[in-house]
Every structure is written in C-alpha cells, then in structure tokens.
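Structure record follows, encoded as structure tokens.
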Amino acid sequence: MERKQIKKQTVYLCITLLVLLAGLLALRLWYDSKCIKFQDKNMEIQTLYLLDTGKGSVLKEEADKVRSFYVTDTSGRFETLEDLKLFPNLEELHLTYDTGGMTDEEKEEFQKQRVGIINMLEETLPDLKKLKKLDLTYFDYFEDLDFLSECSQIEELDINYNTIRNIQGLSNMKNLRILNLAYNPFTDISPLCELKNLEAVNLYQVSVDNLEVLAEIPLLKLVVYEPKNKKQEEILRKLEDSGVMVHRKYKKGFEYLIREMEEER
C-alpha cells in the first residue's frame with residue numbers, strides 16, 4: 001500500500017513539473033513574440049532608460065515608437081550597434097563620447113575600441129533607412145568620414161571636435177542639409193561641391209585652403225567661418241551679397257543659428 005502511495009505521489013509530482021515546464025515554455029514564447037531580444041546588454045539598458053516605463057524588458061510595440069536614441073552614460077560600451085535596427089522608425093542618433101572628461105587610462109582604453117566602433121557604424125548606419133540626424137560629437141578620433149559613404153539618407157550631421165583630416169566620405173550624402181564640422185584639422189572642402197542640398201555648414205576653427213568652394217553650393221544659406229586672410233574675407237562678403245548668412249564669430253550655438261535660418265524662410 002505504501003509503495004502504491006509513493007508511486008502515486010511520484011506521478012503527481014511529474015505532472016506538476018510538466019505543467020510548470022509547459023507554463024514556462026508558454027511564458028517564453030509570449031516573451032519572444034511580444035518583447036525585443038537585444039544582442040547587446042548595454043543597448044538594452046540604455047533603451048530601458050530612455051523609454052522610462054519601469055519595465056524590465058522592451059516591447060516590440062515600444063520599439064516602433066523610438067524616434068531618437070542617445071547615449072547618457074559613456075561608461076557603457078556597445079559591443080554591437082546591430083540592435084539599432086530593431087527601431088524601424090529611428091530618426092535621430094546621438095552617440096557622443098566626451099573624451100575630454102576621461103582619465104588618461106579611460107582614454108587609452110577607449111582608443112583601443114577605435115577601429116571596432118568605426119566598423120560598427122559603417123555596418124549599421126546604412127541600414128537605418130529613416131535616420132535623418134546623426135551626432136558623433138566629441139569622439140575625438142575620427143580621421144576620415146569614409147564610414148559614412150553609404151549614408152545618403154542622413155540630412156543633418158554633427159561631427160565637430162574630432163581629428164578629421166579628410167571629408168571625402170561626405171560626397172555621397174546627397175540629402176545632407178545641415179553640416180557641423182567645427183574644430184577639425186582638415187583643410188580641403190572640395191567634397192562639399194557634391195552636396196547640392198546643403199543649406200548650412202559650420203567650419204569654425206577649421207583652416208580651409210579652398211573656401212571658394214562654398215560659392216558652388218546652390219542652396220547654401222548659412223556659413224560659420226572665421227576668415228584667415230583678405231582673400232577669404234572677400235569670398236565671405238560675396239556670399240553675403242548673394243544672400244548667405246555668414247557668421248565670422250561663433251557666439252551663438254549652431255542649432256540656434258539653424259533655427260534663425262529656418263525662421264527666415
């Protein structure tokens with residue numbers, strides 16, 4: 001009799017475990033159908049912070065509502081940016097790292113990731129079809145912009161305070177309207193000739209060799225540049241005579257100047 005009782009209890013226990021496993025499996029299937037599965041834990045943490053819903057996971061319907069994504073904690077390093085493709089309506093991306101606020105050890109560690117981050121950007125950005133605004137300020141190590149050569153969808157680019165020496169990668173960004181390249185060491189702006197939709201460009205603290213290129217940009221309305229000689233001053237005056245707003249001193253923020261420009265339309 002006792003053996004039958006033990007056998008009966010064992011059967012009940014097995015059934016209970018099966019029901020529990022079935023419940024867990026159903027919960028997992030629900031989670032997979034309703035929630036986003038991130039490849040990068042830091043990306044998930046950042047997304048949860050931005051959504052501020054108090055939940056421990058991101059619903060797919062919430063991902064559809066994400067229009068802008070920005071970094072708030074530079075101590076978190078992304079191993080991949082592929083998760084950005086989970087946001088089909090992403091329009092603004094701000095990945096700004098203020099290396100000036102890092103310790104020497106942090107800067108050294110950050111520099112080790114240089115190639116990896118550039119590769120991630122090159123692989124991911126072209127697939128963000130609705131991306132219109134990109135901010136890569138303060139990275140302080142981009143030497144060229146080749147990783148942007150396939151990003152024709154972008155209309156606003158802010159990549160000031162860097163070490164850019166070559167802007168050839170901008171040539172294919174045909175929809176670019178707003179461009180902030182202040183505080184960079186490049187000197188040749190000939191690629192800007194290809195940007196027929198360019199309306200505003202910030203070249204403050206850039207030593208341009210061929211400033212006359214600006215006169216070849218048909219829709220140009222705003223320039224920030226401090227002339228280095230009389231020839232450059234003459235070029236700027238001609239731009240002003242043609243209706244371009246020229247700011248030789250950078251007293252106002254570039255975004256403020258953009259608003260002024262757009263209000264005058």
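The values are calculated or read from the model by the stated rules, or taken from the named source; none is laboratory data. None of these values were measured; they are calculated from a predicted model. Quick reminder, even Gly has a Cβ in these numbers, built from the backbone with ideal geometry, and neighbours come from all protein chains shown.
Structure above, values below:
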quantity: Positions within the range 73-101 being in contact with a Ser or Thr (Cβ under 9 Å, 6 or more places away or on another chain), at pLDDT 85 or above and over 13 Å from LEU136 (Cβ atoms), in sequence order; calculated: THR80, GLU82, ASP83, LEU84, LYS85, LEU86, PHE87, LEU90, GLU91
quantity: Number of positions in the range 126-153 that are modelled with pLDDT of 95 or more and closer than 13 Å to HIS94 by Cα; calculated: 4
quantity: Leading residue by the ranking (farthest from the chain's Cα centre (by Cα)) among those in the range 53-72 that are modelled with pLDDT of 85 or more and loosely packed, with under 12 Cβ neighbours inside 10 Å; calculated: GLU61
quantity: Yes/no for ARG237 being exposed (fewer than 13 other Cβ atoms within 10 Å of the Cβ) and under 25 Å from the mean Cα position of the chain (by Cα); calculated: no
quantity: Flag if LEU128 is under 30 Å from ASP64 (Cβ atoms), buried (at least 21 other Cβ atoms within 10 Å of the Cβ) and either small (Gly, Ala, Ser) or touching a residue at least 24 places away in the same chain (Cβ under 8 Å) (or both); calculated: yes
quantity: Looking only at the range 218-232, and only at residues there that are surrounded by 14 or more Cβ atoms within 10 Å (Cβ to Cβ) and out of contact with any Asp or Glu (no Cβ under 7 Å at 6 or more places or on another chain), the one that is farthest from MET261 (Cα to Cα); calculated: GLN232
quantity: Filtered residues of the range 165-211 (kept if charged (D, E, K, R), part of a helix (DSSP H, G or I) and over 17 Å from CYS151 (Cα atoms)); calculated: none
quantity: Cβ-Cβ under 9 Å pairs, at least 6 apart or on other chains, the range 199-228 side at positive phi, far side hydrophobic (A, V, I, L, M, F, W, C); calculated: GLN205/ALA182
quantity: For ILE118: the one exception among (1) hydrophobic (A, V, I, L, M, F, W, C); (2) free of Cβ contacts under 8 Å to residues at least 40 places away in the same chain; (3) surrounded by fewer than 22 Cβ atoms within 10 Å (Cβ to Cβ); (4) outside any helix (DSSP H, G or I); calculated: (4)
quantity: Candidate set: the range 240-263, residues that are farther than 26 Å from ARG165 by Cβ and among the basic types (Lys, Arg); chosen: the one surrounded by the fewest Cβ atoms within 10 Å (Cβ to Cβ); calculated: LYS251
quantity: Cβ pairs under 6 Å, 6+ apart, first in the range 171-195 and in contact (Cβ under 8 Å) with a residue 60 or more places away in the chain, second assigned to a strand (DSSP E or B); calculated: ILE178/GLU156; ILE178/ALA200; ASN180/ASP158; ASN180/ASN202; ALA182/ASN202
quantity: Hey, PHE110 buried (at least 18 other Cβ atoms within 10 Å of the Cβ) and outside any helix (DSSP H, G or I) or not; calculated: no
